[in-house]
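Every number here is computed from the coordinates shown, using simple stated rules; none is lab data. Everything quoted here is computed from the prediction, not taken from an experiment. Here the Cβ is made from the backbone with ideal geometry for all residues, glycine too, and neighbour counts use every protein chain on show.
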Amino acid sequence: MSESKLLRIWKDTLKEKKFVIEIVITFILFIVVTSFFTKFLTYNEARVGFNLPDPILNSLPPTDLTYFIFLLIYISVLFGLSVLIKSPKQFIVAFQIYIVVLIFRFCFMYLLPLNPPFGIIPLHDPFVELFGTGVTLLRDLFFSGHTATLFVFFFVVEKKLYKMFFLNSTVLVASALLLQHVHYTIDIITAPFVVYGAYRLIFLLNKK
């Protein structure tokens, strides 16, 4: 799609007053929720937690797949945004689902403080270490945010080929996170179900 056509699509969509209001509210909520969640993650790192028994994780030898994980995540997210930006309403829906997912993650992590799995190989984000605080989170656990983020794209994109791409990306990242002992198995399994719940909630709210 050419840049002029993309601009025309957004310009035409922004003529809808209701949609403009929805965009403003969505991005205000996004900024507020992400800011609060970031502060919560710092607080959560200092909490006393507990370990979960995990026979599946215990049967897997820890393997460092950090660069594979982040390479696939960054490629998938950039590709997903490049697809969704061609459809303004889908683009905004993706952000709305992500906001609900963050709220769910806060609730679950607050109620279920977990210690890092045994044998964890810390997941050092190259981007954060280069441009950000450099802090590596170990207790950002239940449920997996990386798995959930990729699954958001799976629900929002429409083309079957794109859905298959994000489904495969989600499975690969989820498997790599387990191999690196970054998450418990339950963290990975729970993520897609929560995303589906967030997707259905946003679908119903937009429908009304």
Quiz prompt | Among (1) 19.0, 54; (2) 17.0, 51; (3) 18.0, 56, the entry derived from the coordinates for Rg and Dmax of the Cα atoms in Å | solution = (3)
Exercise. Tell me the trypsin sites (Lys or Arg not before Pro) within segment 146-191 that lie in a loop according to DSSP and have at most 12 other beta-carbon atoms within 10 Å.
Key: K159
Quiz item: Which whole-Hz couplings ³J(HN,Hα) result when phi for each residue of segment 161-170 is put into the Karplus expression 6.51 cos²θ - 1.76 cosθ + 1.60, θ = phi - 60°, listed in order with x for Gly and Pro?
Solution: 4, 5, 4, 5, 4, 6, 5, 5, 4, 4
Quiz item: Given the pairs K163/K207; K11/K207; K11/K39; K86/K207, which span a C-alpha to C-alpha distance of over 32 angstrom in this model?
Solution: K11/K39
Exercise. Just the ratio, please: alpha-carbon radius of gyration of segment 148-208 over 2.2 N^0.38 Å, N its number of residues.
Key: 1.23
Exercise. Based on other C-beta atoms within 10 Å, arrange S35, S76, S175, S2 from fewest to most.
Key: S2, S35, S175, S76
Practice problem: Arrange T185, T136 by Cβ neighbour counts within 10 Å, fewest through most, would you? | Solution: T136, T185
Quiz item: Just how large is the dipole of segment 3-207 about the Cα centre, in debye to the nearest 20, putting +1 at every Lys and Arg Cβ and -1 at every Asp and Glu Cβ?
Solution: 1020 debye
Quiz item: Between K17 and R200, what is the spin-label point distance in nm, taking each point 7 Å from the Cα along the Cα→C-beta axis?
Solution: 3.5 nm
